[in-house]
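All remarks here apply to the structure that follows.
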Amino acid sequence: MRMLDALAASKEPMSISEIAEVVGVDQPRASRLVQQAEMMGLVLREADPQDARRTRVALTDQGRKAVAFMRNDRRDRIGATLEQFTPQERADFARLFTKFATAWSSR
């Protein structure tokens, strides 16, 4: 999912190295993830017009639909969970999560 999210967020197809960096895995693992997603019809590989030795990876229409479905599902599940919180608990959670995200991104 992280790989598909990264590809969806990118304005251009990504190299295996870029995918590995964004997803936080080594290149061989990123290559295997791309291969699996390609077999599922979620991504396609294309030659890099700048360097024919490199391959770029892009989402297919099916991949974009899968990302949209997963994002909607995640949003719905988070929303349903937060509905169980009181308004004060939601405010506390938002404050603490913001603090956590700020500390996380500064590392």
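Could you please report the charge total around Thr81, scoring K, R as +1 and D, E as -1 over all other residues with beta-carbon less than 12 angstrom from its beta-carbon? Write out the running numbers ahead of the final one.
Working: positive: Arg74, Arg75, Arg77, Arg90; negative: Asp76, Glu83, Glu89.
That works out to +1.
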(request) Work out the charge dipole of the chain with +1 on the Cβ of Lys and Arg and -1 on the Cβ of Asp and Glu about the Cα centre, then indicate which of Val25, Phe93, Ala9 is farthest towards its positive end. (result) Phe93
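With the alpha-carbon atoms as the only input, what is the per residue convex hull volume for the chain in Å³? Walk me through the numbers on the way to the answer.
Working: hull volume 13.5 nm³, N = 107.
Spelled out: Cα convex hull of the chain, divided by residues, is 126 Å³.
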(request) For the chain, with a Gaussian network of springs between Cα atoms less than 10 Å apart, report the residue from Arg90, Arg45, Arg74 with the top mean-square fluctuation. (result) Arg90
(request) Please turn the phi angles of the range 30-46 into ³J(HN,Hα) values with the Karplus equation 6.51 cos²θ - 1.76 cosθ + 1.60 (θ = phi - 60°), one per residue in order, whole Hz, x for glycine and proline. (result) 4, 4, 5, 4, 5, 4, 5, 5, 5, 5, 7, x, 8, 9, 9, 9, 9
(message) Per DSSP helix of 4 or more residues, -39500 (n - 2.57); summed, then divided by the residues of the chain. What does that give at 222 nm, rounded to the nearest 500?
(response) -21000 deg cm²/dmol
(message) Only four residue types carry charge here, +1 at the Cβ of Lys and Arg and -1 at the Cβ of Asp and Glu. Report the dipole size of the chain about the Cα centre in Debye, rounded to the nearest 20.
(response) 140 debye
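We did not get these values from a lab; they are worked out from the coordinates using the rules stated. What you see is a predicted model; the values in this text were computed from it and never measured. We place every Cβ from the backbone using ideal geometry, glycine too, and count neighbours over all the protein chains shown.
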